[in-house]
Amino acid sequence: MKENICTIPINDLFKPKNGCPICRMEEMLEETYVDFVVGDAMMEPNIRIETNKKGFCHRHFTKMFKAGQKLPNALIMESHLKSIIENTLPNKAGSKPDKKSLEKIKTLRESCYVCDRIDHDIHHLLVTVFSEYQKSEQFRELYREQPFICLNHYEYILRDAMGKRGISSKFMKQFNEDTYNLTKNYLLELKEDTSYFCSMFDYRNRGKDFGKSKDVIERNIEYLTKELPE
Ligand SMILES: [Zn+2]
Ligand SMILES: [Zn+2]
């Protein structure tokens, strides 16, 4: 598999200062894994065993469809369907529903090969973030200079920070504060833009400029759900 972002120094990943740094890392990983699944992974039977078992979420099936050729997509689907028929659904309907099989379907519905790989790598990268944060004032500055940390990753980062390879008690107060500020300040800004947008529908503001509030609905949807509206 081609070099992925886990091998890029963490400083370089934080340098662009463009949106939430963890979202940006997720996007880079996502692109890598989507291309991989419909590309090089086609030659790796072990990966197919895993994709057969886990399947993909709607977001990633759609991205694979856009990024890859039709045949690799159809081949992945063919063996995934075969695996569902042979291993997930019972061989035949018995006198009552097969609980084990229902459980398997539920697990399948909630799993995605790409999501799982991203998740794994992000946890891995966070360990490096924590270690860099505790090692260098320069990185702490870089961390504070991020435009924001999204709510989703606020929870993600702080949960990991409290974990085994997280932030030590010596740095916890500062790290918690820095992370909080990055999330809170952006929420306040988004809320202010949203209120401004709403106020523009008051007849007294007729003719005024929407300014940077004009795409606030799209920004809210993206911020709160991580997907741009279609
Ligand atoms: Zn994020
Ligand atoms: Zn997914």
**Fill in**
Here the gain from full extension of K15 to A74, 0.36 nm per residue of separation minus their alpha-carbon distance, amounts to 17.3 nm
**Request:** List the extent of the Cα atoms of region 148-230 along each of their three principal axes, largest first, rounded to whole Å.
**Result:** 55, 28, 14
**Item:** Neighbour net charge for S213 - beta-carbon separation under 12 angstrom, K R +1, D E -1
**Value:** -1
**Request:** Give me V129, V216 ranked fewest to most by other Cβ atoms within 10 Å of their Cβ, as a rough exposure proxy.
**Result:** V216, V129
**Message:** Just want to confirm a number: the relative contact order over region 99-230, from Cα pairs under 8 angstrom separated by 6+ residues, in percent.
**Reply:** 19
**Prompt:** Among all the aspartates and glutamates, which ones have a C-alpha under 19 Å from K170's C-alpha, if same-chain residues fewer than 8 places away are not counted?
**Reply:** E132, E137, E141, D160, D178
**Item:** lysines with Cα under 20 Å of K208, excluding same-chain neighbours fewer than 8 positions away
**Value:** K191
**Theoretical ellipticity at 222 nm over the chain - DSSP helices of four or more residues, -39500 (n - 2.57) apiece, nearest 500** = -21000 deg cm²/dmol
**Asked** Of K15/K66; K15/K214; K53/K92; K54/K106; K54/K92, which ones are farther than 18 Å apart at the Cα?
**Response** K15/K66; K15/K214; K53/K92; K54/K92
**Asked** Over the chain, what lengths in whole Å, largest first, do the semi-axes of the equivalent ellipsoid take, defined as the square roots of 5 times the eigenvalues of the alpha-carbon gyration tensor?
**Response** 38, 26, 18
**Hull-based mean projected area of region 92-199, where the convex hull spans the alpha carbons, in square nanometres** = 11.7
**Asked** Sorting F171, F148 on the 10 Å Cβ count, fewest up front, what's the list?
**Response** F171, F148
**Item:** Likely footprinting exposure, E26, E132, E189, E86, fewest C-beta neighbours within 10 Å first
**Value:** E86, E189, E132, E26
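Read the figures in this text as sums done on the coordinates, not as results from a lab. Because the structure is a prediction, the values reported are computed rather than measured. Because the Cβ atoms are built from the backbone with ideal geometry, glycine has one as well, and the counts that use them run over all protein chains shown.
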